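Just below is one structure, and these are the notes that go with it.
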Amino acid sequence: MKLVNHLIFRITLFFTAVMLLWSGAYFFLQMKEIHDGNDEGLTNLKQEFIAKANRMPGFVEHLESFDPLNIIVQEIARAEAESAVENFATTSVYFATEHESEEVRMLTTAFRCEQNGKHYRLQLFTSTVESDDLIKNMLYLLLGLWVALSLTVLAVGKMVIAKANRPFYKLLSELGKFRLDGSKMVDFEETNIKEYEQLNESVRNLLERSIGTFTEQKIFIENTSHELQTPLAIATAKLEVLLEKHQDGSSLAEEIAETLKILGRMKRLNANLLLLSKIKNGQFPETSPVNLRDALELALDELNELAAYKGIAVERLGNAAPVRPMNRDLAHILLANLIKNAISHNRQNGKIIIRYAPNSISIANTGSRQAAAHVFDRYRHDSDSAKSHGLGLSIAKSIADLYRIEVDYRFDKMHIFTLTLK
C-alpha cells in the first residue's frame with residue numbers, strides 16, 4: 001500500500017469514528033432540546049389550567065364533560081394525590097381521526113381544586129417529532145454530510161499529502177536509478193519541510209561516503225590485480241628460461257614445471273577474482289538483447305575440442321531461443337562456465353544434454369553425484385583438476401543474479417543446471 005493511501009485510510013477511519021460520536025451526541029442534544037421545549041410548554045399549560053380551576057367555579061366539571069383532546073382530568077383520592085410525583089414522559093396516544101397512534105410528550109401531575117376541594121390527576125400532552133422519523137431524517141442528512149465530507153477529505157487529503165510527500169517520492173525514484181559506478185549524484189527535490197530536508201541531507205552524506213568507499217575499493221582491487229600480474233609474469237618468464245636450460249628430465253625440471261603450473265593457476269585465479277569483483281560492483285553497464293541459444297552454441301564450439309578429447313557426446317532438445325537484455329561478454333562467460341563445468345565434471349565418454357525452452361535452458365551432464373547445497377559457493381569443487389579454482393559457478397551465479405536469471409542445480413541421475421528467465 002502506498003504511503004498516501006495508507007495515510008488517507010487512517011485519516012478516514014479516524015474521521016468516521018469522530019463523525020459517529022459527533023452524530024450520536026448531536027442526536028441526543030437535539031432530542032433533549034425538543035423535549036425541554038415541549039416540557040416547558042406543558043408546564044405553562046399546567047399552571048394556567050390549575051389557576052383557572054382554582055379561580056373559576058365549575059371549570060373542572062365543565063372540562064370533564066367537554067373532554068378536550070390534549071387534557072385528561074380524573075378525580076382521585078386524597079392519599080393518591082398527595083403521593084403523586086410530577087413527571088414527563090414520551091408515550092403514544094391513539095388518534096381516531098388519524099387511525100393510528102402518534103408519539104406525544106405527556107406531563108402527569110396531581111392537584112387539589114380550591115373551588116370544590118376535590119383532588120384530580122391531570123395529564124397534559126402535546127404532539128412531538130416522532131423519534132423514528134427524526135432518526136431517519138437525521139440519518140439521511142448525516143449520511144449525505146458524511147459522504148460529502150469523506151469525498152472532500154479523500155480528494156483534498158490525497159492532493160495535500162501527495163504534494164507534501166513529493167520530495168520523498170522524488171528521492172525514491174532517484175535512488176532506484178542511482179548506481180555507485182555512475183558519476184551523477186542524486187538530484188534532490190527542494191523542500192521547506194524540515195524532516196525531508198534532514199532526510200535528503202542524510203541520504204546525500206550516506207551516498208557520498210558509499211561512492212568514496214566504492215571508488216577506493218575498485219581502485220584497490222584493480223591496482224592489486226595489476227601489480228600481481230607483473231611479478232607473476234616475471235616469475236613465469238624466469239622459470240621458463242630455467243626449464244629450457246634443464247631439459248634433461250631431471251627432478252629439477254619437474255619441480256620447475258610444477259611451479260609453472262601453480263603460477264598459471266595463480267594468474268587465472270587473479271583474473272577470475274577481478275572479474276567477480278567487477279560483476280558484483282556492476283561495472284558492465286552496456287546491455288543489448290542476447291539470444292541465449294546462439295550464445296550457448298558459440299560457447300560449445302569454443303569448447304568442442306575439450307569435449308571431443310573426453311569423448312563426450314552433446315545432445316540438443318528443443319528449438320526455442322530465450323532472449324534477455326544483458327552484457328554480451330558476461331552472457332558468454334555465464335554459458336561458457338556452465339558448459340566448461342559440464343565437461344570438467346563429466347566422465348570419459350559421457351554425455352551432455354541441452355534443452356531449449358521459451359523461458360529456460362537446462363544443461364545436464366553425466367557424472368558422480370555432487371553436493372547441491374554448496375555447488376555455487378566460492379572455491380567449492382569436487383574435482384582434482386589443477387585448473388579448477390571453485391570460481392566458475394560462483395561467477396556464473398553472480399552474472400545470473402545481475403540480470404534476474406534464476407540458476408538452479410539438481411541431481412536426477414545426471415547433473416542438471418537450469419537457467420530460468422524471471
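The values are calculated or read from the model by the stated rules, or taken from the named source; none is laboratory data. Predicted, not measured: the structure shown is a model, and the values here were computed from it. Don't worry about glycine lacking a Cβ; one is built from the backbone with ideal geometry, like all the others, and counts go over all protein chains shown.
On the stretch given as the range 144-185, residues that are closer than 28 Å to V203 by Cα and part of a helix (DSSP H, G or I) total 20. Kindly indicate whether L141 is among the aliphatic types (A, V, I, L, M), in the same structural domain as K46 (by TED's automatic domain parsing) and within 30 Å of N54 (Cβ to Cβ). So L141 fails the test.
Per the listing E244, E255, the residue uniquely at pLDDT 80 or above and assigned by TED's automatic domain parsing to the domain that holds L275 is E255.
Starting from residues that are within 23 Å of G41 (Cβ to Cβ) and modelled with pLDDT of 85 or more, keep the ones in the range 73-102 and report whichever is surrounded by the most Cβ atoms within 10 Å (Cβ to Cβ). Once the filter is applied, the top-ranked residue is V73.
Tell me which residues, restricted to the range 138-159, are farther than 16 Å from L13 by Cα and either touching a residue at least 60 places away in the same chain (Cβ under 8 Å) or surrounded by 12 or more Cβ atoms within 10 Å (Cβ to Cβ) (or both). Selection gives M138, L139, L142. Looking only at residues in the range 199-238 that are under 17 Å from F188 (Cα atoms) and acidic (D, E), the one that is modelled with the lowest pLDDT is E208.
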